[in-house]
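What follows is calculated from the coordinates using simple rules that are stated; it is not laboratory data. Just so you know, these numbers come straight off a predicted model, no measurement behind them. Because the Cβ atoms are built from the backbone with ideal geometry, glycine has one as well, and the counts that use them run over all protein chains shown.
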Amino acid sequence: MLKIENVTKNYDNFSLNCTLEVKKGQITGLIGQNGAGKSTTFKAILGLISMDGGTIRLLGKDIKDFSAADREDIGVVLSDSGFSGYLTINDILPVLKNLYKDFDASFFMKQVQKFQLPLTKKIKDFSTGMKAKLKVLVAISHNAKVLILDEPTSGLDVIARDDILEMLREFMEKDEERAILISSHISSDLETLCDDLYMIHEGSVILHEDTDVLLSDYALLKVNDEQFYKLDKQYLLRIKKETYGYSCLTNQKQYYMENYPDIAFDKGTIDEVIMMMIRGEKL
């Protein structure tokens, strides 16, 4: 569906080197801190910036060969783009009908009513949540095959975020041939939505894992110095010195539970995994 191979982009103070894949029927998350390279990756996918190297294939085609018709198969939300604030929903409706040959005006208007988005109010006067819902709604209303969503829930309260995540789940349920790439720095959103996750840090992917595996097999071991010395370290991804001894990230929780029953375990949230992958040491 989407395949990024060794895509590089170099700036004075930042370099991107990214490889990832989004498969048909799946929602793939890209998670990382602000400035990690999420937005740069998305802009490269959409051809908004030139690449210094690598290839991007989307829907079986090199993005360099994309036509205007091809682009209609992509639904897009970018964190720094949107409609003019001086327009209303009534203003943009005819524009969307002309822009997308498969624009579903009936579905769009039903969703507008469902989320109580005002038809005649200028978009600049919308709440942050309303603006975010409108951007996602436009992306899912023209029968796109793949969605590219950069931080669609950023800055929203928990109710607005849940509304948007529900819109995306319904979008996928309608057609198993679809796919979504979504970025966020809010791990709880991606944890409940995504089939797999890529973690990006300083322009490079540092971890890729199925979400189920991440939640079931990863754990933090809390050990004192003596326990650490005796520990089989072959399945430790990162370690970090602590006042009590060491915290150790593993993707083989069951192995350590069976062989070291006296060790303290934390389940390891996605945020904790990210922190350990970034700040922990490799052995």
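Computed from these coordinates, which is Rg/Rh (Cα atoms, Kirkwood Rh): (1) 1.04; (2) 0.93; (3) 0.96? So the calculated entry is the one marked (1).
Maximal additional length on extending the A69-H208 stretch stands at 46.8 nm, based on 0.36 nm per residue less the C-alpha distance.
Between rounded, prolate and oblate, where does region 173-283 land on the alpha carbon gyration tensor, with a ≥ b ≥ c its root eigenvalues, rounded for a/c under 1.5, else prolate if a/b exceeds b/c?
In terms of gyration-tensor shape, prolate.
Just add up the charged neighbours of N251: K/R +1, D/E -1, any other residue whose Cβ is under 10 Å from the Cβ of N251.
Numbers: positive: K253; negative: E209, D217.
Net charge in that neighbourhood comes out at -1.
Return the whole-Å distance between the Cα centroid of region 1-39 and the Cα centroid of region 221-250. Spelled out, the Cα-based centre of one part sits 31 Å from the other. Among Q33, M199, I278, which residue has its Cα furthest toward the positive end of the charge dipole of the chain, with +1 on Lys/Arg Cβ and -1 on Asp/Glu Cβ? Checking the options against the dipole of the chain, the answer is Q33.
Find the centroid of the Cα atoms in region 57-74 and in region 166-211, then give the distance between the two in whole Å. Distance between centres, Cα-based: 21 Å.
Taking every DSSP beta bridge that has both residues in the chain, what percent is antiparallel when rounded to the nearest 5? The answer is about 65 percent antiparallel. Annotation: for a label point projected 7 angstrom from Cα along Cα→Cβ of Q254, no residues of region 229-244 have a backbone N closer than 14 Å.
Annotation for N34 and T192: the two label points, set 7 Å from Cα along the Cα-Cβ direction, are 2.4 nm apart. Going 7 Å from the Cα of D232 in the Cα-to-Cβ direction, what parts of region 247-283 have a backbone nitrogen less than 15 Å from that spot? The answer is 250-263, whose backbone nitrogens lie closer than 15 Å to the label point.
Determine the dipole magnitude for region 33-104: charges of +1 sit on the beta-carbon of Lys and Arg, -1 on that of Asp and Glu, nothing else is charged, the reference point is the Cα centre, and the result goes in debye to the nearest 20.
Numbers: 8 positive and 10 negative charges, 28 e Å.
Here the size comes out at about 140 debye.
Would you work out if region 218-279 is rounded, prolate or oblate? Take a ≥ b ≥ c from the square roots of the eigenvalues of the alpha-carbon gyration tensor; rounded if a/c is under 1.5, else prolate when a/b is larger than b/c, oblate otherwise. Don't jump to the answer; show the numbers that get you there.
On the way: a/c = 1.68, a/b = 1.20, b/c = 1.39.
Oblate.
Can you give the charge dipole size of region 218-279 about its Cα centre, rounded to the nearest 20 debye, using +1 on the beta carbon of Lys and Arg and -1 on the beta carbon of Asp and Glu? Write down the numbers at each step before the final one.
Values: 9 positive and 9 negative charges, 43 e Å.
Dipole of region 218-279, to the nearest 20 debye: 200 debye.
Placing a pseudo-label 7 Å from each Cα along the Cα-to-Cβ vector at Y244 and V158 gives an inter-label distance of 2.7 nm. Taking the Cα centre of region 2-213 as reference, the dipole from Cβ charges on Lys and Arg (+1) and Asp and Glu (-1) amounts to some 880 debye. For the pair E176 and N13, a Förster radius of 30 Å applied to the C-beta separation gives a FRET efficiency near 0.10, rounded to the nearest 0.05. Dividing the summed helix terms, -39500 (n - 2.57) for each DSSP H run of n ≥ 4, by the number of residues in the chain produces a 222 nm estimate of -10000 deg cm²/dmol to the nearest 500.
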